[in-house]
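Enquirer: Below is one structure. I have some questions about it.
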């Protein structure tokens with residue numbers, strides 16, 4: 001990693017002050033666009049310099065809107081929440097096919113088998129991993145392995161618990177239980193994902 005020298009940081013700070021005095025941007029986002037249009041400067045360098053200058057009281061700008069400035073509903077409806085709706089839609093479609101398509105309805109029953117496999121082997125574990133690690137970056141192999149493993153564990157626990165209920169272990173009871181579990185995990189995941197940027201921003205301000 002290339003570190004900026006003290007003189008380079010001072011030059012950047014002075015350049016920011018000059019741009020603010022000349023162009024009078026109202027927000028940090030406007031200032032970033034002005035600076036990057038003049039020369040190649042990394043966004044994070046600009047943000048760090050602006051935060052330092054604002055702490056010193058040398059400039060005053062509105063902070064850029066972070067993800068958690070949005071309400072949970074706005075966040076879920078944004079592009080960041082697409083994965084949540086994909087899981088809900090896939091889970092609901094699988095449950096619908098399980099109850100609507102009989103086992104002897106060939107060849108359409110194969111769609112039920114395909115979605116059912118994804119529903120059992122992937123979705124519960126994927127949702128749980130998202131809930132436990134909302135912002136952790138994983139490679140595809142790691143995510144697949146953890147999702148399948150957690151899904152198998154979830155299905156086993158659900159089956160064990162259903163065995164001691166009046167409904168017993170059946171297609172309907174397992175489908176509804178996994179549907180509820182997946183929706184619960186996914187909702188918890190998107191809530192934690194929505195709150196995480198705010199926690200990070202607070203921690204950065206403390207530092």
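Enquirer: Within region 104-132, track down each residue that is crowded, with 23+ Cβ neighbours inside 10 Å and either touching a residue at least 40 places away in the same chain (Cβ under 8 Å) or touching a strand residue (DSSP E or B) at 6+ places or on another chain (Cβ under 7 Å) (or both).
Expert: Selection gives 119, 123, 124, 127, 128, 130.
Enquirer: In region 14-39, which residues are modelled with pLDDT of 80 or more, farther than 20 Å from residue 55 by Cβ and not in a helix (DSSP H, G or I)?
Expert: Of everything in region 14-39, just one residue is modelled with pLDDT of 80 or more, farther than 20 Å from residue 55 by Cβ and not in a helix (DSSP H, G or I), namely 24.
Enquirer: Also: Inspect region 173-196 for any residue being part of a loop (DSSP other than H, G, I, E, B) and in the same structural domain as residue 78 (by TED's automatic domain parsing) and give the result as yes or no.
Expert: no
Enquirer: Here's a follow-up. Run residue 129 past the list (1) modelled with pLDDT of 85 or more; (2) within 30 Å of residue 25 (Cβ to Cβ); (3) touching a helix residue (DSSP H, G or I) at 6+ places or on another chain (Cβ under 6 Å) and report the number of the one that doesn't hold.
Expert: Only one criterion in (1) modelled with pLDDT of 85 or more; (2) within 30 Å of residue 25 (Cβ to Cβ); (3) touching a helix residue (DSSP H, G or I) at 6+ places or on another chain (Cβ under 6 Å) is unmet by residue 129, namely (2).
The values are calculated or read from the model by the stated rules, or taken from the named source; none is laboratory data. Everything numeric here is computed off the predicted structure, so don't read it as measured data. Don't worry about glycine lacking a Cβ; one is built from the backbone with ideal geometry, like all the others, and counts go over all protein chains shown.
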